[in-house]
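Down below is the structure, laid out as C-alpha cells.
The values are calculated or read from the model by the stated rules, or taken from the named source; none is laboratory data. These numbers come from a predicted model, not from an experiment. Heads up, the Cβs are rebuilt from the backbone with ideal geometry, glycines too, and the neighbour counts pull from every protein chain shown.
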Amino acid sequence: MPPGVTVVDHPLVRHKLTLMRTGDTGTAEFRRLLREIALLLGYEVLRDLPLATRTIETPLAPMESPKLEGKKLVLVSILRAGIGLLDGLLDLVPAARVGHIGLYRDPETLEAVEYYFKVPGHLDDRMLVIVDPMLATGNSAIAATARLKAAGARSVKFLCLLAAPEGVAAFRAAHPDVPVFTAAIDDRLNDHGYIVPGLGDAGDRLYGTK
Ligand code: URA
C-alpha cells in the first residue's frame, strides 16, 4: 500500500461496495448504500477526532468523560457526488461544519474547472475531510485541496469510495501531507478518465441522471 493511503477493507464495506458496483443496482439502493458505507469509512477517517473531557453525572456518580469537539470538524463535499458521502458522515457528526466546492471535469482535458466555492471560516483552526466518491485522475481532488489550503486549511484528509492507482499517485505527489482513505483501489483508468472496473459515473448512479 502506498504510504499515506488507508484502504478500509472491512467485510461490510466490501460487501456493500460489491452491491454498489453491480450495474443493475438502482438509484435508491445505490444512494442508501453510499450513505451506509460513509458511516463505516467515517469510523476510520475520523479516528483521531479531538475530544474534550467534561464532567457529567451518571445516575450513580459524577465522572470525567470525553465528548467530541464537534464544531472543530469541517466536511467539504466536491459537488455533486460528494454529497452522497457527506450525508452519511453528517449522520455520524451532525455538528460538523460543511463546505461545498463545485468542480466539473472538462471533457476534453479532464482538468478540474471550479464553479462554486463556499466553506466555513477559520479553516486554519479546524480538521477538514474532503469527500468525493471517485478518485480517478485526481485532478478534482488536487484542485479542491489546493483551493482549501489557499483558503487557510492546514489539517486535511481526503475520503473517497473508489480510487484509481493513477489518481492516488497524482494526489499524493501533489499533496503528500494529506492522507487518503478509500474502500478500494481498482485496476486502472480508461481513456475517458473512468475507473475500471469501478462502478460507472457516481453522480449519475446517485441521482439517476443517465
Ligand atoms: N467519476 C465517476 O463518477 N466515475 C469514475 O469512474 C471516474 C470519475
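Table for the structure above
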{"item": "Evaluation of Val129 against (1) within 13 Å of the ligand (Cβ to nearest atom); (2) touching a residue at least 24 places away in the same chain (Cβ under 8 Å); (3) outside any helix (DSSP H, G or I) (one fails), failing number", "result": "(1)"}
{"item": "Residue list for region 27-65, filter: surrounded by fewer than 13 Cβ atoms within 10 Å (Cβ to Cβ) and among the aliphatic types (A, V, I, L, M)", "result": "Ala28, Leu51, Ala52, Ile56, Leu60, Ala61, Met63"}
{"item": "Positions within region 1-31 being in contact (Cβ under 8 Å) with a residue 40 or more places away in the chain, assigned to a helix (DSSP H, G or I) and within 12 Å of Arg205 (Cα to Cα), in sequence order", "result": "Met20, Arg21, Thr27, Phe30, Arg31"}
{"item": "Tally, over region 180-210, of residues that are under 24 Å from Leu40 (Cα atoms), polar (S, T, N, Q) and surrounded by fewer than 20 Cβ atoms within 10 Å (Cβ to Cβ)", "result": "0"}
{"item": "Residue satisfying all of: in region 66-83; touching a Pro at 6+ places or on another chain (Cβ under 6 Å) and buried (at least 21 other Cβ atoms within 10 Å of the Cβ); nearest to Arg32 (Cα to Cα) among these", "result": "Ala81"}
{"item": "Number of positions in region 159-197 that are in a helix (DSSP H, G or I) and of a type in the set (D, E, K, R)", "result": "2"}
{"item": "Residue match in region 79-99 (condition: at pLDDT below 95, in a strand (DSSP E or B), in contact with an Asp or Glu (Cβ under 8 Å, 6 or more places away or on another chain) and not acidic (Asp, Glu))", "result": "no"}
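To keep it simple, each residue is scored yes or no on (1) in a loop (DSSP other than H, G, I, E, B); (2) in contact (Cβ under 8 Å) with a residue 60 or more places away in the chain; (3) more than 26 Å from Lys16 (Cα to Cα); (4) within 15 Å of the ligand (Cβ to nearest atom).
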| position | (1), (2), (3), (4) |
| --- | --- |
| Thr109 | yes, no, yes, yes |
| Phe117 | no, no, yes, no |
| Ser140 | no, yes, no, yes |
| Ala144 | no, yes, yes, yes |
| Leu199 | yes, yes, no, yes |
| Leu206 | no, yes, no, yes |
| Thr209 | yes, no, no, yes |
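Okay, residues lined up against (1) within 18 Å of Asp87 (Cβ to Cβ); (2) in contact (Cβ under 8 Å) with a residue 24 or more places away in the chain; (3) within 14 Å of the ligand (Cβ to nearest atom):
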{"site": "Gly121", "(1), (2), (3)": "no, no, no"}
{"site": "Ala136", "(1), (2), (3)": "no, yes, yes"}
{"site": "Arg147", "(1), (2), (3)": "no, yes, no"}
{"site": "Ala151", "(1), (2), (3)": "no, yes, no"}
{"site": "Leu161", "(1), (2), (3)": "yes, yes, yes"}
{"site": "Gly167", "(1), (2), (3)": "no, yes, yes"}
{"site": "Asp177", "(1), (2), (3)": "no, no, no"}
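Conditions (1) of a type outside the set (Gly, Ala, Ser); (2) within 15 Å of the chain's Cα centre (by Cα); (3) closer than 25 Å to Val8 by Cβ, marked per residue:
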{"position": "Leu110", "(1), (2), (3)": "yes, no, no"}
{"position": "Glu114", "(1), (2), (3)": "yes, no, no"}
{"position": "Leu128", "(1), (2), (3)": "yes, yes, yes"}
{"position": "Met134", "(1), (2), (3)": "yes, yes, yes"}
{"position": "Ala141", "(1), (2), (3)": "no, yes, yes"}
{"position": "Arg147", "(1), (2), (3)": "yes, no, no"}
{"position": "Leu159", "(1), (2), (3)": "yes, yes, yes"}
